[in-house]
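In what follows, a single structure is set out as structure tokens and then discussed.
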Amino acid sequence: MRQNVGLCIMENKQKLSYVQEKITTALIELLKKNDIDDLSVSDIVKHAGVGRASFYRNFDTKRDVLVKHLQCLILEWGNEFEELNDPTKFSESLLNHYYTHKDVYLLLYRQNLSSLIYEQIRWATHIDDANENLERYIKSTVSGLIFGVIDEWMRLGMPDSPSELKVLLDHK
């Protein structure tokens, strides 16, 4: 039986289809033992038990599978954060999100794919929707700060719990 890799299941239009789940799960499992560049789409669909055409109906590339999964994860966090209805819990809830899904995030880091995590953060800030340069610069700065902390945390292997890391960050 396959291990749960923390797939994101949303109740809105971002919901992964059964085929998308199978492909995403297969790719993540294969990445645990293979470099992404050494994997073919055929390897992924064979492991997923779906047809090659199913892959290309749902995704453009191997990286696209990961991008969509990361977007789904961050949307899931966003919904959870909104339910908290407490903006002072932003950093705590975000750190908890990354820690909850650390197997996926550390796997991407080990695969030299942390740039996908950075792009996920930029995507989540809606930087491309900014109408003014100043707004873009501010969103870019925030994205860079968040990624800088997450990246260093992953570089260290995420040894600190979110609450320990928050204490460290609060002490400046």
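The values are calculated or read from the model by the stated rules, or taken from the named source; none is laboratory data. Since the structure is predicted, the reported quantities are computational estimates derived from the model, not experimental observations. Here the Cβ positions follow ideal geometry from the backbone for every residue, glycine too, while neighbour counts run over all protein chains shown. Note: accessible area is taken over every heavy atom of the protein model, side chains too, but ligands, DNA and RNA are not part of it. Shrake-Rupley method; radii C 1.70, N 1.55, O 1.52, S 1.80 Å.
Please work out which residue is least open to solvent (accessible area, probe 1.4 Å), limiting yourself to the range 109-153 and to residues that are under 19 Å from Lys62 (Cα atoms) and free of Cβ contacts under 8 Å to residues at least 24 places away in the same chain. Among residues in the range 109-153 that are under 19 Å from Lys62 (Cα atoms) and free of Cβ contacts under 8 Å to residues at least 24 places away in the same chain, the one least open to solvent (accessible area, probe 1.4 Å) is Ser115. When Glu83 is tested against (1) without any contact (Cβ under 8 Å) to a residue 24 or more places away in the chain; (2) surrounded by 14 or more Cβ atoms within 10 Å (Cβ to Cβ), only condition (2) is not met.
Quick one: would you say Glu76 is open to solvent by 20 Å² or more (accessible area, probe 1.4 Å) and either outside any helix (DSSP H, G or I) or touching a residue at least 24 places away in the same chain (Cβ under 8 Å) (or both)? In short, yes. If you go through the range 47-67 and keep only what is in a helix (DSSP H, G or I) and either open to solvent by 70 Å² or more (accessible area, probe 1.4 Å) or of a type in the set (S, T, N, Q) (or both), you end up with Arg52, Ser54, Tyr56, Arg57, Asn58, Arg63.
Is it the case, given these coordinates, that Gly49 is modelled with pLDDT of 95 or more, farther than 19 Å from Asp151 by Cα and not β-branched (Val, Ile, Thr)?
yes
Among the residues of the range 91-103, just one is under 15 Å from Arg155 (Cβ atoms) and crowded, with 21+ Cβ neighbours inside 10 Å, namely Tyr98. Restricting attention to the range 1-46, the residues that are assigned to a loop (DSSP other than H, G, I, E, B) and either at pLDDT 95 or above or in contact with a strand residue (DSSP E or B) (Cβ under 6 Å, 6 or more places away or on another chain) (or both) total 6. What tally of residues in the range 154-168 results from selecting those that are free of Cβ contacts under 8 Å to residues at least 40 places away in the same chain and among the aliphatic types (A, V, I, L, M)? Here the count works out to 3.
Regarding Leu106, is this residue touching a residue at least 12 places away in the same chain (Cβ under 8 Å) and open to solvent by less than 70 Å² (accessible area, probe 1.4 Å)?
So Leu106 passes the test.
For the range 150-169, which residues satisfy the criterion of being outside any loop (DSSP other than H, G, I, E, B) and either of a type in the set (A, V, I, L, M, F, W, C) or in contact with a helix residue (DSSP H, G or I) (Cβ under 9 Å, 6 or more places away or on another chain) (or both)? Selection gives Ile150, Asp151, Trp153, Met154, Arg155, Pro162, Ser163, Leu165, Lys166, Val167, Leu168, Leu169.
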